[in-house]
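Comments concern the structure below.
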Amino acid sequence: MGNNSKSKNQTALAFAAFKQNKFGVFCLSILCLLYFTAVFADFISPYTYDSEVRSHSYAPPSKIHFKDAYGNLTWPYVYGISFTFDEYHKRVYTEVVNEKYHFGFFVKGDKYKFLGIIPTDRHLFGVEAPGRVYLWGADSRGRDLFSRILYGARVSLSIGLIGVSISFTLGLLVGGISGYYGGRVDSIIMRGCEMFMMIPGFYLMLALRSAVPDSFNSFQIYLAIVVILSFIGWAGLARIIRGMAISLRQREYVLAAKTLGLSDLKIIIRHILPHTLSYSIVAIMLSIPGYILGEAALSLIGLGIQDPIASWGNLLTDAMAIAHIKLHPWILIPGFFIFITVICFNVVGDVLRDCFDPLLKGEGEANA
Amino acid sequence: MPNPIVTVQNLSVEVKQTGAKIVRNVSFSVEPESVTALVGGSGSGKTTTGMSILKLLSPALKVSSGQILYKGFNLSAFSESKMQEIRGREIGVVFQEPLYAFNPVFTIGDQIDEVLRFHTQQGVIQRKEKILHLFDLVGLPDPARIYMSYPHQLSGGMRQRAMIAQAIAADPDLIIADEPTSSLDVTLQAKIIELFHDLRSKLKLSIVLVSHDLGLVKHLSDQVIVMKQGEVVEAGKTNTVIEKPQEEYTKDLLKAVEVK
């Protein structure tokens with residue numbers, strides 16, 4: 001009481017504890033790296049998402065050579081490729097040894113707008129035209145998979161964040177209102193939530209998706225998918241927040257806020273919802289993977305993001321046929337990105353929960 | 001004689017479900033710049049009476065009969081949004097335990113600022129100046145530090161002073177102080193009562209003081225209303241009630257103080 005120590009609230013303390021957990025910090029930095037590459041995808045990737053060379057269909061990952069024909073170290077380069085058909089009519093790619101394309105930084109390539117504003121044609125790295133480098137192979141239309149994964153990260157990673165912010169705004173408000181007023185309002189709202197929770201998420205998603213008009217362009221479809229995904233998660237959250245609000249509305253500072261003349265909505269937003277923050281932050285972290293997987297599932301079955309726009313889900317569409325996976329195993333790479341992202345979000349959420357939960361303090365390594 | 005600020009006429013409050021009466025036929029009026037003490041033991045309905053002036057009864061309770069006039073207007077005719085304008089702006093409340101009456105996640109300054117933001121059109125700088133001035137007025141040292149402090153960082157007495165600063169922030173005419181000294185030790189109790197005394201003359205406040213401690217209120221109040229089990233057992237000028245108590249219950253209350 002009455003100490004002069006630097007004021008730290010619960011959130012600050014929890015984040016201080018989070019820093020102690022190496023694995024959590026590691027996963028968080030992977031996530032940061034992924035989001036960073038997503039933001040600068042157009043600059044980092046050597047090609048744009050729709051730059052295609054049909055004759056390079058399913059070209060394997062390029063071999064990067066560090067030694068010249070005489071075995072001396074040189075600046076890395078790739079060879080041009082050409083293909084022949086084998087007896088099963090499968091393309092067999094071979095390197096064309098007299099076509100040498102050196103790597104370079106800030107090379108000229110496809111035109112794009114940096115961060116959507118500045119028009120430029122420089123890419124972080126690439127090889128001299130007309131050569132093409134496929135770090136992680138090419139897809140059926142001869143588009144660089146590495147570039148498409150980076151562009152796909154934009155869609156897949158942002159859907160999680162935007163979806164979660166919509167459904168949490170909705171869940172927090174609805175839950176807060178329901179719990180704060182109680183009585184009949186509460187009953188009606190909660191029965192409404194149960195209606196949503198009753199329908200299995202995936203089928204609700206499919207049903208809502210079928211309501212989206214065909215005339216939508218890719219950006220509108222993207223928005224529609226975000227809204228559809230956020231429609232699924234909010235009801236469960238609203239129920240939990242409502243439970244917390246019921247207990248919080250009994251607090252004396254809520255009565256005090258009323259005596260100061262604050263409106264109900266202000267009281268809910270200022271004096272009830274902030275107290276659910278420690279729960280919400282963890283719940284947000286743990287529910288983002290659901291959105292990423294939801295988008296991937298929709299896109300995988302062709303109902304989500306439409307080609308040529310890339311998302312991790314629709315990049316995997318090629319991988320639905322087992323024969324393709326056997327012949328071109330690199331098309332599974334987007335799946336690993338989904339896997340890593342989901343794992344990282346779960347770990348970060350888990351560690352955060354340990355940090356926020358005072359009962360676990362001192363037990364886990366989170367607070368050691 | 002000027003018009004009373006608040007007139008409570010035959011107020012009865014009951015529990016909605018059972019119909020049990022919490023407050024029965026209570027009548028009194030609060031004159032401008034006067035202090036009215038509602039005194040009684042636990043469950044005597046004094047807090048309920050105080051809160052019904054703000055129309056902030058627990059949802060389980062309702063006013064079953066009688067009316068409350070605020071500056072001559074019947075409160076029951078006021079809408080909820082009209083009441084929100086009155087709460088804080090015209091009637092301020094001081095609670096018993098300021099530790100619980102402040103929201104632990106915001107700073108003291110921020111929470112007092114909330115009142116000014118809602119009830120006045122002042123700018124950020126003006127509001128901060130006003131708050132620092134308020135801290136000065138209620139006798140808080142180092143106002144700048146208090147402004148940035150969280151409720152748990154202040155001592156009980158400082159918190160109560162901050163609470164009073166919040167109650168008077170929007171220049172109300174009436175303060176309802178609900179056991180403002182019960183959570184404090186004896187020396188602090190006297191100081192807080194002194195502060196009320198001070199503010200009353202400086203700010204021309206009327207005060208409704210809810211307390212169980214007759215000994216404490218006798219220094220401050222002009223009239224005393226003694227309540228027991230929801231009914232007024234004795235009412236009158238403070239001196240009269242203290243010196244010549246008519247009822248056994250009042251005498252008991254006085255005795256309890258002497259023993260202490």
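The values are calculated or read from the model by the stated rules, or taken from the named source; none is laboratory data. A quick note: this is a predicted structure, and the numbers were derived from the prediction, not measured. Here Cβ is always computed from backbone atoms with ideal geometry, including for glycine, and neighbour counts include all displayed protein chains. Side chains included, ligands, DNA and RNA excluded: accessible areas come from the protein's heavy atoms. Shrake-Rupley method; radii C 1.70, N 1.55, O 1.52, S 1.80 Å.
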I want to check the label-to-label distance for A:Val39 and B:Glu247. Put each point 7 Å from Cα in the C-beta direction and report it in nm to one decimal. 7.0 nm
Cross-link reach from A:Lys111 to aspartates and glutamates, straight Cα distance under 18 Å and at least 8 residues apart if same chain, gives A:Asp42, A:Asp50, A:Glu52, A:Asp121, A:Glu128, A:Asp144
For B:Ile176, distant residues with modelled amide H under 5 Å away: B:Gly92, B:Val93, B:Val94, B:Val208
Search the structure for amide H atoms under 5 Å from the amide H of A:Tyr134, placed 1.01 Å from N in the peptide plane, and list their residues when 5 or more places away or on another chain. A:Ser62
Using a 10 angstrom cutoff on alpha carbons, build the Gaussian network for chain A and name the most mobile of A:His89, A:His65, A:His56. A:His89
Bins of 10 Å, beginning at zero and ending with the bin holding the largest distance: percent of Cα pairs per bin for the range B:100-171, please. 22, 60, 17, 0
Using the structure shown, list the pairs from B:Lys71/B:Lys218; B:Lys16/B:Lys55; A:Lys258/B:Lys62; B:Lys130/B:Lys218 with a Cα-Cα distance above 22 Å, or answer none. B:Lys71/B:Lys218; B:Lys130/B:Lys218
With an 8 Å cut-off on Cα pairs and a minimum separation of 6 or more residues, tell me the relative contact order of the range A:149-367 in percent. 27 percent
Convex hull of the range A:149-367 built on C-alpha atoms - directionally averaged projected area, nm²: 15.5 nm²
So for the range B:3-46, using the alpha carbon gyration tensor with a ≥ b ≥ c as root eigenvalues (a/c under 1.5 gives rounded; past that, a/b versus b/c decides prolate or oblate), I'd call it oblate
Residue by residue through the range A:142-156, the couplings from Karplus 6.51 cos²θ - 1.76 cosθ + 1.60 with θ = phi - 60°, in Hz, x for Gly and Pro, are x, 9, 5, 5, 4, 5, 5, 5, 4, 5, x, 4, 4, 5, 5
As I understand it, the dipole of the protein assembly as shown uses +1 on the Cβ of Lys and Arg and -1 on the Cβ of Asp and Glu, about the Cα centre. Which of A:Pro119, A:His275, B:Val15 lies farthest toward its positive end? A:Pro119
What percentages, rounded to whole numbers, describe P(r) for chain B computed over all alpha carbon pairs with 5 Å bin width beginning at zero? 1, 6, 13, 17, 19, 17, 13, 8, 4, 1, 0, 0
Placing +1 at every Lys and Arg Cβ and -1 at every Asp and Glu Cβ, with all other atoms neutral, what dipole size does chain B have around its Cα centre, in debye to the nearest 20? 340 debye
Just to check, using Stokes-Einstein with a Kirkwood Rh over alpha carbon pairs, what's the diffusion coefficient of the range B:47-178 at 25 °C and 0.890 mPa s in µm²/s? 157 µm²/s
What is the distance in Å between the Cα centroid of the range A:87-124 and that of the range A:186-256? 44 Å
Run through all the Cα pairs of the range B:139-208 and give the fraction in each 10 Å bin from 0, expressed as whole percent. 18, 53, 28, 1
Taking the convex hull of the alpha-carbon atoms of chain A and averaging its shadow over every direction gives an area in square nanometres of 26.3 nm²
Chain A: most fluctuating residue of A:Asp214, A:Asp354, A:Asp307 per GNM, C-alpha cutoff 10 Å: A:Asp214
Using Cα pairs closer than 8 Å and at least 6 residues apart in sequence, work out the relative contact order for chain A, in percent. 21 percent
Given a Förster distance of 45 angstrom, what is the FRET efficiency for B:Glu129 paired with A:Glu252, based on the Cβ-Cβ distance and rounded to 0.05? 0.95
With viscosity set to 0.692 mPa s at 37 °C, what whole-number translational diffusion coefficient in µm²/s follows for the range A:185-241 from Stokes-Einstein and a Kirkwood radius over Cα pairs? 264 µm²/s
For the range B:1-67, which trypsin sites (Lys or Arg not before Pro) pass both filters: DSSP loop (anything but H, G, I, E, B) and at most 15 other C-beta atoms within 10 Å? B:Lys16
Computed ³J(HN,Hα) along the range A:187-195: with the Karplus parameters 6.51/-1.76/1.60, θ = phi - 60°, integer Hz and x for glycine or proline, the list is 4, 5, 4, 5, 5, x, 4, 5, 4
Looks like the range A:59-140, by Cα gyration tensor root eigenvalues a ≥ b ≥ c and the a/c under 1.5 rounded cutoff (else prolate when a/b is bigger than b/c, oblate otherwise), is oblate
Based on the Kirkwood radius over alpha-carbon pairs, what value in µm²/s does the Stokes-Einstein equation return for the translational diffusion coefficient of the protein assembly as shown at 4 °C and 1.567 mPa s? 43 µm²/s
Rounded, prolate or oblate: which one fits the range A:238-368, using the alpha carbon gyration tensor with axes a ≥ b ≥ c (rounded when a/c is under 1.5, else prolate when a/b beats b/c, else oblate)? oblate
Considering Cα pairs under 8 angstrom that are at least six residues apart, work out the relative contact order of chain B and quote it in whole percent. 27 percent
Residue-wise, which Karplus ³J(HN,Hα) couplings in Hz belong to the range B:154-165, taking 6.51 cos²θ - 1.76 cosθ + 1.60, θ = phi - 60°, and x for glycine or proline? 9, 7, x, x, 5, 4, 5, 5, 4, 4, 5, 4
Where labels lie 7 Å past Cα in the beta-carbon direction, separation of A:Leu13 and A:Thr169 in nm: 3.2 nm
Quick check: with the 1.4 Å probe, what order do A:Arg353, A:Arg242 take by accessible area, largest first? A:Arg353, A:Arg242
Would you please give the FRET efficiency between A:Ser218 and A:Ile188, computed as 1/(1 + (r/R0)^6) with r the Cβ-Cβ distance and R0 = 41 Å, to the nearest 0.05? 0.60
What distance in nm separates the simple spin-label points at A:Ile199 and A:Trp75, each placed 7 Å from Cα in the Cβ direction? 5.9 nm
Chymotrypsin sites (Phe, Trp or Tyr not before Pro) lying in DSSP loop within the range A:186-229, provided at most 16 other Cβ fall within 10 Å: A:Phe216
